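See below for the structure under consideration.
The values are calculated or read from the model by the stated rules, or taken from the named source; none is laboratory data. Keep in mind the model is a prediction, meaning the values are calculated, not measured. Methodologically, a virtual Cβ is constructed for each residue, glycine included, from the backbone with ideal geometry; neighbour enumeration extends over all protein chains shown.
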Amino acid sequence: MKTYLVTGGAGFIGANFVKYMLATYPDIEIVVLDLLTYAGNLKTIENDLKSGRCEFVKGNIGDRALVNSLFDKYGFQYVVNFAAESHVDRSIDDPQLFLITNILGTQNLLDAARRAWVTGKDEAGYPTWKEGLRFHQVSTDEVYGSLGAEGYFRETTPLDPRSPYSASKTSADLFVKAYAETYKMPVTITRCSNNYGPYHFPEKLIPLIIKNILEGKPLPVYGKGTNVRDWLYVEDHCKAIDTVIHRGREGEVYNVGGHNEMQNIDIVKLTISTIHRIMKEEPRYREVLKRKEYDADGNIRIDWINDSLITFVQDRLGHDQRYAIDPGKITAELGWTPETTFKEGILKTIYWYLNNQQWVEDLA
């Protein structure tokens, strides 16, 4: 049995990765290490913990004694580091927290893996490593900064973070790269575009819009809503990480994008129209609406689900205008391509939230 340490495994992408890996590989075990801060939710992985192949440890990746003890107990072959403070707005309010978790926490994981995995030194003085190991850092396209109207982020694009969050992720990436160069540590890094899908924390754009529509609340959109993001369905991202862990070249960075560039305002309008259509074609879902208005026949009205819910708010400080990833390297080297179009993915995402309102309510 191969054993994985998945940090941040109760968060959005981490939890989806846990589910995907357990379903794909019957011969693995996973230990989830998560501090269960605002974006971590143990209920997301409660069924996985019943599988007999997944254990949960509550703790901080910066806790040196705890992390070392986990390596000693479980003998991990793989570390997949999702653990991070991840919301740009929160990083603007409290930058230091992002440095502590995203930089120092990552460095602590690297040291723990080095302590557990190194077997000695070669003739040149470099560490020698046990076979079949991989430390994988999950990063973001935000480390590249902002794009103009054209062009794409490639692995060779200079790093140019614009927020405390992206600066902390950039620093973590550089530490991972430095350990590969200095110690010949078996590492890989993926940098992904915006993820969406099931179990997404409701402060993020898409789940927030879905939640507010169902509650009949205004839909806040920064600035004029013209900021462009490349959207990646979370299961496609999990498949990409799995591919890189097992077949990616050591020390390499792979960009993971969804080929789904859209302006924020178009995302919001598409979500509105899709929810309206579902409510019209499948009236049973109207019971999920928290805002209930009735027509003369006693039916729940849905005519208020329209673009009038949109409210433009003051733009975020340092808001990057456009992100877009070129995933050509991971496609050419490893054969990975995104499988889910945005229209398919947003429909699956909306249905998931409609059918899992208890999960959302438990976060309140």
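Considering only residues in segment 344-358 that are farther than 14 Å from Tyr233 by Cβ and crowded, with 16+ Cβ neighbours inside 10 Å, the one that is farthest from the chain's Cα centre (by Cα) turns out to be Leu354.
Taking the conditions (1) closer than 21 Å to Arg191 by Cβ; (2) touching an Asp or Glu at 6+ places or on another chain (Cβ under 8 Å) in turn, Thr24 satisfies each one other than (1).
Considering (1) more than 19 Å from Thr311 (Cβ to Cβ); (2) surrounded by 16 or more Cβ atoms within 10 Å (Cβ to Cβ); (3) not polar (S, T, N, Q), the lone condition that Arg277 does not fulfil carries the number (2). Residues in segment 105-158 that are in contact (Cβ under 8 Å) with a residue 12 or more places away in the chain, aliphatic (A, V, I, L, M) and farther than 28 Å from Lys2 by Cβ: Val143, Leu147, Ala149. Scanning segment 201-213 for residues that are modelled with pLDDT of 95 or more and either touching a helix residue (DSSP H, G or I) at 6+ places or on another chain (Cβ under 6 Å) or on the phi > 0 side of the Ramachandran plot (or both) yields Ile209, Ile210, Ile213. On the given criteria, is Val80 aliphatic (A, V, I, L, M) and in contact (Cβ under 8 Å) with a residue 40 or more places away in the chain? Criteria met by Val80. Is it the case, given these coordinates, that Glu250 is of a type outside the set (Lys, Arg), modelled with pLDDT of 95 or more, surrounded by fewer than 15 Cβ atoms within 10 Å (Cβ to Cβ) and under 30 Å from Ala172 (Cβ atoms)? The answer is yes for Glu250. Of all residues in segment 1-26, those satisfying the criterion of being within 17 Å of Lys43 (Cα to Cα) and touching a strand residue (DSSP E or B) at 6+ places or on another chain (Cβ under 8 Å) are Val6, Thr7, Gly8, Gly9, Ala10, Gly11, Phe12, Ile13, Gly14, Phe17, Val18, Leu22.
Of the residues making up segment 138-163, just one is part of a helix (DSSP H, G or I) and either under 17 Å from Tyr78 (Cα atoms) or touching a Gly at 6+ places or on another chain (Cβ under 9 Å) (or both), namely Asp141.
When Glu339 is tested against the conditions (1) exposed (fewer than 13 other Cβ atoms within 10 Å of the Cβ); (2) under 30 Å from Val253 (Cα atoms); (3) charged (D, E, K, R); (4) out of contact with any helix residue (DSSP H, G or I) (no Cβ under 8 Å at 6 or more places or on another chain), the lone failure is (4).
With the structure loaded, tell me whether Asp320 is at pLDDT below 95, closer than 30 Å to Phe153 by Cα and touching a strand residue (DSSP E or B) at 6+ places or on another chain (Cβ under 7 Å) or whether it fails that test. It is false that Asp320 is at pLDDT below 95, closer than 30 Å to Phe153 by Cα and touching a strand residue (DSSP E or B) at 6+ places or on another chain (Cβ under 7 Å).
Test of understanding: among Thr157, Thr182, Thr226, Thr190, which residue is within 17 Å of the chain's Cα centre (by Cα) and hydroxyl-bearing (Ser, Thr, Tyr)?
Details: Thr157 fails: within 17 Å of the chain's Cα centre (by Cα); Thr182 fails: within 17 Å of the chain's Cα centre (by Cα); Thr226 fails: within 17 Å of the chain's Cα centre (by Cα).
Answer to the selection: Thr190.
Would it be correct to say that Thr37 is farther than 24 Å from Thr188 by Cβ, touching a residue at least 24 places away in the same chain (Cβ under 8 Å) and β-branched (Val, Ile, Thr)? For Thr37, the condition - farther than 24 Å from Thr188 by Cβ, touching a residue at least 24 places away in the same chain (Cβ under 8 Å) and β-branched (Val, Ile, Thr) - is met. Gly52 meets each of the listed conditions (1) within 24 Å of Gln357 (Cα to Cα); (2) of a type outside the set (Val, Ile, Thr); (3) without any contact (Cβ under 8 Å) to a residue 40 or more places away in the chain apart from (1). Each residue in segment 330-348 was checked for being touching a Phe, Trp or Tyr at 6+ places or on another chain (Cβ under 6 Å) and at pLDDT 95 or above, and 3 of them qualify. The residue that is surrounded by the most Cβ atoms within 10 Å (Cβ to Cβ), counting only those in segment 126-153 that are under 19 Å from the mean Cα position of the chain (by Cα) and more than 21 Å from Pro95 (Cα to Cα), is Phe135.
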